[in-house]
Structure formats: C-alpha cells, structure tokens
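Reviewing the structure listed below.
The values are calculated or read from the model by the stated rules, or taken from the named source; none is laboratory data. From a predicted model like this one, the values you see are computed outputs, not experimental measurements. Glycine also receives a Cβ, built like all others from the backbone with ideal geometry; neighbour counts cover every protein chain displayed. The accessibility values were calculated without ligands, DNA or RNA, using every heavy atom of the protein model including side chains. Shrake-Rupley method; radii C 1.70, N 1.55, O 1.52, S 1.80 Å.
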Amino acid sequence: MSIDLNLATIDDKEDKMMREIKENNDNNEWRYLEVKEKEVIRCNSIHSTLVDGMIKGISPNTVFLEECPGYVLSLGRNQCCEEECDIVECEKLGITIERRETGGGAGLMVPGSTSWGICMDKRDSRVSDDMDRNFEILSRGVITGLKKIGLDAVFAPVNDINIGDKKVGGMTAMTRQNSLLIYGSVIWDFDMDIFMKIARIPAPKLKKKGVSSVQKRITTIIQELGRKIPPAELRDCLIQGFEEALSVKLAKAGLNEAENAIWKKKMDIFSSKKFILRPGHCSVSNVSCVYPAEKGIIRISLYVNEGKIMDAGITGDFMQINDIDFDPLEGLLVGSKTEREDIERIVHTYFDENDIQMVGASADDFVDAIVGAVSEYEE
C-alpha cells in the first residue's frame, strides 16, 4: 500500500509541475537557467536533460546561459576525434575534449566563454518547420543582446552570427519528438595560438568559406569592444536581449527534482570515453574522401577490396537536426558493391526510412562523398 501511495505522490507532483509549466508558458514566462558547472560534461548533460524533460512535460521553455570552466574542445556529435584534433597535444596543454549531442563542428572554448541555448516546445507558435528560419528567429536574442553592448551583430545564414564579415558566434540544433534545442556559442575570447596547435582543419572547409586561414574567419567580443567585458555583464545583456526578442519574461530557476533525476543518468553517458572519442570510426581505411557540402564537411573512410566495401566510417561536422545516428548506415554499407547505384540505393533508403533532416547537406552529398572515396581506390 505504501508503494502505491508513493507512486501516487510522485504522479501528483508531476501533474502539478506540468500544470504550472503550462500556465507559465501561456503567460509567456520562461525559465532562465544559469549554468556554471565545473565540467562541460555536466553542461552537455543538462542540454540533453532539457530535451528529454520537454518530452516528458516536466521541463518548461528554457533559455540557458553557461560559462565555460576551462580550456575545452567541444566536438560535434558526428566528428571523429583524431581527425579533428591532436589528442596528445590537447593532453599536454590541459585541454579537455568533450562531445555534444548536437551536430556541427569543433569549437575551442576558453575559461569564461559564454554559450547559450534555448529548449522549447516545437508546438510553440515561434517555431517554424524550416530550421533555417528557426536559427534566424531564435538567435535574435543574442543579436539584440550584443547590440546592447555596442556591437553591430547580424544573422548570417545558415547558422552564424557575424560582426562585419567575421564570425562571432555559431549555432547548432536538435529535435526529439516535441522538443527543439538550439545551442550556440558567443566568441567572447579566443586563443588562436592554442587552437592552431591542436586543430586539424581540412583545406576544403576553408576553401568553401572563401578564406585562407581561421584567423581571417572569426572575431571576438573582446576584440571588437576593445575591452574585456566580464561574463556576468555579457549574460545580463543577453538575458535582456532574449526577453525583448522573444517577448517573454525570464524567471531565474534551477533544474527541478524530476529533471535532476534525469541529469544524473545523463552524466554517465556524456562522461564515457566511448561517447567522447568514438573509437573505430576513422582508424581502419585504405581510401577516404573529405567532401564539402553546402554546410559542413562529410568525411568518409572506407576499406575497399575487390569491388566491395569491407568497412566504413562516416564522420564530419555536418549537421542533422533530428536525433539520428549514422552508425547504422556505416553497417549497411559494409558488404555493398562499390557501384554508384548500389551506394545511392543504400543511402537514400536510410535517409527516407529515418526521415533524416539536414542543414546544408543532403543524401546526394553523402552519396557523392562515398563515391569520391571509392574513386580514390579505383585510381
């Protein structure tokens, strides 16, 4: 009997929580979550917690700002660690390597760097079916906030924020059922010397951007302002920016009891070396291709023998929006003939069956990348 009572109490708490969340959302009051954790792993776990909490109905629409605790290299979900950085050099320099659940490219964060995010219900009227449009609309809070400190920031399609012709921030996204997560960086400060020591940037990526080096591609808030703005001051401006741009009132609060229970479980996943390093995705191959899509790089590593694909690795900083992994596609390619029509059939079937949604890339880009690797073997 006591167990039933306890379960009833839990259900009552969650029902009350869901009613309060609906009431606040109806009144356009959103939660502001300030994330200041000692490890970025704990921050990434919060992002995923908010997504799952939104699905369960226990998380309100949330704007969050987080301050980076140290030097961190943040990898996108599809990237292969050894392709993107010098792991040994990262260890020497005390740089923590971690991985997000969202797609996109690797970013070096320095102590005090500010990242931002929005987790909201996809059924909200502000959410579009067009993800490019969501990037534009939901980044307005950051752009408005930066204008408050005197910076003429603008949205730069598909998913960047620029000052002039230089990038000062980027965004990534993920959807899972009824939840939408937009996660972005604001380049508060940057250590170019360290970045150049650890980064492995493919030439096709720079060529696609029309620049010869990373130095010519990015800028920082401190550089543009000519002063070192404290992270707290930047956060205050961003909070005001989000309130104005989204027409909401942000109320500061932490994770609730139900979210904390999810968070603890998520930390085990995000701290796993298997999750962070993704071993085996790019280490065994005799041919490869680095393919620049409209947005992002697709890296293909194949082991080809006698007209068949014996092993396959798909990595890169491409961005899929829905919560889909590409590991099963790698498995489907194993044993396939190297003819384009066979590769095309496998890739398009996988995309169609999983309703994969991409930003700046398509199934045809993946086909071209795989065929590009096969062509290297044939040559």
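Looking only at the stretch 351-379, which residues have a backbone nitrogen under 12 Å from a spot 7 Å from the Cα of D342 in the C-beta direction?
None, by backbone N distance to the label point.
What residue among S179, S128, S301 has the largest mean-square fluctuation in a Gaussian network model of the chain, using Cα springs under 10 Å?
For the chain, modelled as a Gaussian network with Cα springs under 10 Å, the answer is S128.
Where both partners of a DSSP beta bridge lie in the chain, what percent of those bridges are antiparallel, to the nearest 5? Walk me through the numbers on the way to the answer.
Values: 51 of 66 bridges.
Of the beta bridges lying entirely in the chain, close to 75 percent run antiparallel.
Cα gyration tensor of the stretch 69-109, axes a ≥ b ≥ c as square roots of the eigenvalues: rounded (a/c below 1.5), prolate (a/b > b/c) or oblate? Numbers along the way, then the final one.
On the way: a/c = 2.64, a/b = 1.40, b/c = 1.90.
Judged from the Cα gyration tensor, the stretch 69-109 comes out oblate (a/c at least 1.5, b/c at or above a/b).
Does the stretch 234-379 come out rounded, prolate or oblate by the C-alpha gyration tensor, with a ≥ b ≥ c the root eigenvalues, rounded set by a/c under 1.5 and, if not, prolate when a/b is larger than b/c and oblate if not?
On the way: a/c = 2.77, a/b = 2.06, b/c = 1.35.
Taking the square roots of the gyration eigenvalues as a ≥ b ≥ c, the stretch 234-379 is prolate.
Which one of N322, N260, N162 has the biggest mean-square fluctuation once the chain is modelled by GNM with Cα springs under 10 Å?
Fluctuation is largest for N260.
Under a 10 Å cutoff between Cα atoms, tell me which one of Q320, Q215, Q79 has the largest fluctuation in the Gaussian network model of the chain.
With Cα springs under 10 Å in the chain, the top fluctuation among Q320, Q215, Q79 is at Q215.
Apply the a/c threshold of 1.5 to the C-alpha gyration tensor of the stretch 180-311 and tell me whether it is rounded, prolate or oblate.
Details: a/c = 2.47, a/b = 1.43, b/c = 1.73.
Because a/c hits 1.5 or more and a/b fails to exceed b/c, the stretch 180-311 counts as oblate.
Can you give the relative contact order of the chain as a percent, counting alpha carbon pairs under 8 Å and 6+ residues apart? If you can, show how the numbers build up before the last one.
Details: 718 pairs, mean separation 68.9, N = 379.
Reported as a whole number, the value is 18 percent.
On the accessible surface of the chain, probed at 1.4 Å, how many percent belong to carbon and sulfur atoms? Don't jump to the answer; show the numbers that get you there.
Numbers: 8170 of 17170 Å².
Carbon plus sulfur share of accessible area: 48 percent.
Heavy-atom accessible area per residue, the chain, 1.4 Å probe: how many Å²?
Numbers: 17170 Å² over 379 residues.
For the chain, the per-residue accessible area is 45 Å².
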